[in-house]
Amino acid sequence: MPEFTRRNLMATSVAAAVGASVSSVAAADEDESDTEGAPSVKGELKRFSSTALGAEVTGPVVLRDGTPLYSLQHPSRDNPAPYDKGGVGYVRGFSFDLEGNDDGDGFDELPVPKTDEEKGRVRTCEGEYELLMQEKQPIDGGTERFGVTQTPDGTAVTQENFAGTQYGAQGINPDCNQFIPTNEAGTEGYLYTNFENSPGNVARTPVSRNDDGTWSADAETAINLANTDALRELGGTRINCYGDLTPWDTMVSSEEHYGHARVSLTATVGDIVEAGSGQGLRGAHEFWNRPNPSGIQDAVDEYYGEDSWYVQGYWNLVGVEFLAYYLGADSPNPSADENTIRPIGEEYPNPYRYGYHLEFRDATADEPTPVKHHVMGRAAWEAPDFQQDRKTVYGCSDGDSKGIYKFVADRPIPSYSDPMDVAGTLYAPEITTEAAAERNAPIDVPLDVEWLELGHASNREVESWIADYDGITQEDYLATHSDWEEGDEVTPAVLEEADREVAVNGNRDYISDEEIVEWAEQYEANGPDGVDEELRRVPFLETRAAAKEIGASIEFNKAEGVDSAPGATPGDYVYFGISEFNDDMADDTGDLRMHRVDGGVVYRGELEPDYNVSRLEPVIVGPDGTDAADVADDALVNVDNVRVMEDGRVLCCEDADQLGRSYKNDCLYVYTPEEQLGRPPANGNGDGSGSAGRERTVRTGAGAATFRDRDGDGTVEPTRAQFDSVFPDLDWDVWDGLFGK
């Protein structure tokens, strides 16, 4: 889902944006319309599939037998059936060779779609895309519909049943998929599917491989986890975007809560305190409990005229009332066609309960156990990446002027018998590369990263802080910020009084500006462990604002993907997809001041012995906004989800603006890193003539370890990071004798 800036708001309406793919308008400055190295690929990029018009490519999975699967998210209703409905499908008749027995890629590149027939359906290089499940399909014995949330009494939370604004039609926005096998062969299991809506949802569907190699879904026993008591008790979810499969085989669903932004774009809370007013700087979070919250942008435009500003994330407040109805609130608009300013006075959601990574433990139980990892920070999470040390988690927050973050648990996460006891340290990035601030081309500048410690806590502690803000309603917004009292009529003048007060002095129902600035001052003076006890909540509940306040590089624009290969260890790579390299990454402020590339950039960072990543290398750069079709047609545009396969190749999804392309369809690409190009197939000869996948166990007095031939060149050599992680007490120089190089 896109973040909206002033630039693209001029070209796009909110109505078109909700539940639709809309990227920034290509409006590159004239002197930056031909950025060096845009587009470029360090390796090989091949188009594998194109999706139906209007749809994003989301939630890619490669099943155990190599079968690829992905979601058909919000396709155009004008497409021919079955491509006019959201759903999840797989490629029948094709499987990736993950054992290295083919020529390294295994398919011929799919040509670009040219005809209306090709543009209106899902195309693959080989085989056929076959839908397993589709939106609103009867599930759970016919009592529910696939992807549709319900109120506690079983009423579907749709516009047919409730008046007001809805964040995308229910069921049309399937996103992340994760497969949890229930047998050793991986031919049976549960497919978890996110729904990028508000209220959000995660469905669980049994799927299995048939004798003829095809796959089937059992809709009869599929369930919507949003409608279980356990998830409703957590407050439900919002905007379930991408996610991850943990090393201990649980599904993690990430909440892409754009509405968490309390300051707009490049502003900081310190800017507001210094100015003595937040007018021109407030973000959507401050208006969360406003009656008709998504109407705040129109209101600000009306109140302030030429002095109005972009209330970052306001459009993401669409659907907040529907979330309240999901939790059991009565609608104050029983006969209206749209939201009114009559306030909701009960069961109103707490904003600090959304914007987290949600793990489903006991993944194969009748009803899995949901837990929100509050300690990992609150953001517009696109995705996390859980590492093999079972402690380190990387996360990327989608939107303009956002961050990539790191969390490190005190001990392996699954070792905690109660997940509420999971404790650890949250970090934000600081980019230290001087060349990144010198108007260079992104392809030329690897980014050095230092991680700033924000704070240490446990899920239980953060949950206790969140609970302090439970029970705050839309009535409180008026009572706190205007002369309105319960029982009084709510008039436009009353609402304007409250809105103007919040714009100037902030929403006093939640964490205040003064608390955030005081936390930062104590942090600078005493370090992250030296702040007052009541301020420890700040970096966990207001993660973006806190990180900005201490100088972290919260400048990434649409960080939409992060992943590493299953079983990745030190020496392997974590990939980060940055959908658009513009705005705060290409302006004249901060640590990132490079030339803009509207098509985005894919970075990778090598895992170090402690699973840290300290350097991000650009490996794919998208096209400029002004590039013509002969350039843009075959380039990766606005990368979204990334999925690293077992063999190191990377599936790259698009949520693309058309830019200069001759077609509007999003595509799925396979990226092969340059070190893997031309590797010979594995043949087990052990003679170097086709040795990809060869292994060698090395034993010393310090221990033993098995290393694999990563490059297929006939030598089995560890990287420096792998060596140090296994033999920390040995000198790197001695490995020549160990491996006989």
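Values in this text are rule-based calculations from the coordinates and carry no lab data. Note that the structure is a prediction, hence the values are computed from the model and not measured. Neighbour counts are summed over all protein chains in view; Cβ atoms, including those assigned to glycine, are modelled from backbone coordinates with ideal geometry.
Once label points are set 7 Å from the Cα along Cα→Cβ at both Arg460 and Asp229, what is their separation, rounded to one decimal in nm?
2.4 nm
Are there DSSP H segments in the chain that both extend 18 Å or more along their axis (alpha-carbon positions) and score a mean Kyte-Doolittle hydropathy of at least -0.5? List them, or say none.
Length and hydropathy pass: 492-505.
Shape of region 286-391 from its Cα gyration tensor (a ≥ b ≥ c, root eigenvalues): rounded if a/c is under 1.5, otherwise prolate when a/b > b/c, or oblate?
oblate
Read phi for every residue in region 81-98 and hand back ³J(HN,Hα) as whole Hz from Karplus 6.51 cos²θ - 1.76 cosθ + 1.60, θ = phi - 60°, with x for Gly and Pro.
Taking θ as phi minus 60°, the curve returns 4, x, 8, 9, 10, x, x, 10, x, 10, 9, 7, x, 9, 8, 6, 8, 8 Hz for region 81-98.
So if I restrict to the alpha-carbon atoms in region 548-595, what is the Rg, and what is Dmax, the biggest pairwise distance, in Å?
13.7, 40
Could you work out [θ]222 nm for the chain from helices alone, using -39500 (n - 2.57) per DSSP H run of at least four and dividing by all its residues? Round to the nearest 500 deg cm²/dmol. It would help to have the intermediate numbers written out before the result.
On the way: 16 runs with 113 residues, N = 741.
Result for the chain: -4000 deg cm²/dmol, rounded to the nearest 500.
Sorted from fewest to most neighbouring beta carbons within 10 Å, what does the list Trp465, Trp381, Trp315 look like?
So the residues, fewest neighbours to most, are Trp465, Trp315, Trp381.
Would you kindly state how much longer the chain becomes between Glu99 and Ala365 on full extension, computed as 0.36 nm times their sequence separation minus their alpha carbon distance, in nm to one decimal?
That works out to 92.6 nm of additional length.
Under the classification rounded if a/c is under 1.5, otherwise prolate if a/b is larger than b/c and oblate if not, where does region 372-512 fall, given a ≥ b ≥ c as square roots of the Cα gyration tensor eigenvalues?
Here region 372-512 falls in the oblate category.
Which FRET efficiency value, to the nearest 0.05, is calculated for Asp470 and Glu514 with the Förster distance at 25 angstrom and r the Cβ-Cβ distance?
FRET efficiency, Asp470 to Glu514: 0.65.
In whole angstrom, how far apart do the alpha carbon centroids of region 227-301 and region 482-551 sit?
Going from one Cα centre to the other spans 14 Å.
Straight-line reach from Lys136: which lysines have Cα under 23 Å away, leaving out those fewer than 8 places along the same chain?
Within reach: Lys85.
To the nearest 20 debye, what is the magnitude of the charge dipole of the chain about its Cα centre, counting +1 on the Cβ of each Lys and Arg and -1 on the Cβ of each Asp and Glu?
Roughly 1760 debye for the chain.
If I model a spin label as a point 7 Å beyond the Cα along the Cα-Cβ vector, how far apart are those points for Glu128 and Thr214 in nm?
Placing both labels 7 Å along Cα→Cβ, they lie 0.8 nm apart.
At 0.36 nm per residue, minus the direct Cα-Cα distance, what do Arg439 and Ser415 gain on full extension? Give it in nm, one decimal, please. Can you show the working numbers first?
Numbers: separation 24, 0.36 × 24 = 8.64 nm, distance 4.62 nm.
Gain on extension, Arg439 to Ser415, equals 4.0 nm.
Quick check: Cα centre of region 41-102 to Cα centre of region 314-359, how many Å?
34 Å
Mind sorting Trp288, Trp451 by how few other Cβ atoms lie within 10 Å of their own Cβ, fewest first?
Trp451, Trp288
So for the pair Ala275, Ser614, with labels modelled 7 Å out along Cα→Cβ, what separation do we get in nm?
Here the modelled spin labels are 3.8 nm apart.
Name the long-range amide H neighbours of Leu616: under 5 Å, sequence gap of 5 or more, or other chain; modelled H, no Pro or chain starts.
Hits under the 5 Å cutoff: Leu447, Asp448, Val449.
For the pair Glu184 and Arg342, what calculated FRET efficiency results from E = 1/(1 + (r/R0)^6), where r is the Cβ-Cβ distance and R0 = 60 Å, to the nearest 0.05?
0.60
Using the Karplus curve 6.51 cos²θ - 1.76 cosθ + 1.60 with θ = phi - 60°, work out ³J(HN,Hα) for each residue of region 443-450 in order, rounded to whole Hz, and write x for Gly and Pro.
5, 8, 10, x, 9, 8, 10, 10
Considering only Cα-Cα distances, which of the following residue pairs are longer than 23 Å: Lys46/Lys391; Lys42/Lys114; Lys42/Lys664; Lys46/Lys119; Lys46/Lys406; Lys42/Lys406? Spell out each step's value before the answer.
Details: Lys46/Lys391 34 Å; Lys42/Lys114 28 Å; Lys42/Lys664 25 Å; Lys46/Lys119 18 Å; Lys46/Lys406 31 Å; Lys42/Lys406 26 Å.
In this structure, Lys46/Lys391; Lys42/Lys114; Lys42/Lys664; Lys46/Lys406; Lys42/Lys406 lie more than 23 Å apart at Cα.
How do the peptides 131-143, 220-232 rank, highest first, by the average count of neighbouring beta carbon atoms within 10 Å per residue? Spell out each step's value before the answer.
Numbers: 131-143: 17.5, 220-232: 19.5.
The peptides rank, most packed first, as 220-232, 131-143.
Quick one: grab the alpha carbon gyration tensor of region 511-662, order the square roots of its eigenvalues as a ≥ b ≥ c, and give me rounded if a/c is under 1.5, else prolate or oblate depending on whether a/b is larger than b/c. Don't skip to the end; give the middle numbers.
Working: a/c = 2.79, a/b = 1.59, b/c = 1.75.
Oblate shape, in that a/c is at least 1.5 and b/c is the bigger or equal ratio.
Under the Karplus relation 6.51 cos²θ - 1.76 cosθ + 1.60, θ = phi - 60°, what is the ordered set of whole-Hz ³J(HN,Hα) values for region 46-57, x standing for Gly and Pro?
10, 6, 9, 8, 10, 9, 5, 3, x, 9, 8, 8
Mind listing the long-range amide H neighbours of Thr165? Cut-off is under 5 Å, sequence gap 5 or more, other chains count too, H placed in the peptide plane at 1.01 Å from N.
Under 5 Å from the amide H of Thr165: Gly319, Asn339.
From the residues Ala493, Ala380, His481, which one has its Cα farthest along the dipole of the chain in the positive direction, the dipole being from +1 and -1 charges on Cβ of Lys/Arg and Asp/Glu about the Cα centre?
Working it through, the farthest residue towards the positive pole turns out to be Ala380.
Give me Lys402, Lys114, Lys664, Lys119 ranked fewest to most by other Cβ atoms within 10 Å of their Cβ, as a rough exposure proxy. Could you put the intermediate results ahead of the total?
Details: Lys402 26, Lys114 10, Lys664 14, Lys119 20.
By the 10 Å Cβ count, ascending: Lys114, Lys664, Lys119, Lys402.
Mind jotting down the distance between the C-alpha centroids of region 577-595 and region 606-651, whole Å?
16 Å
Tell me which residues come under 5 Å, amide H to amide H, from Thr369 once H is placed; ignore anything under 5 positions away on its chain.
Correct list: Arg361, Asp362.
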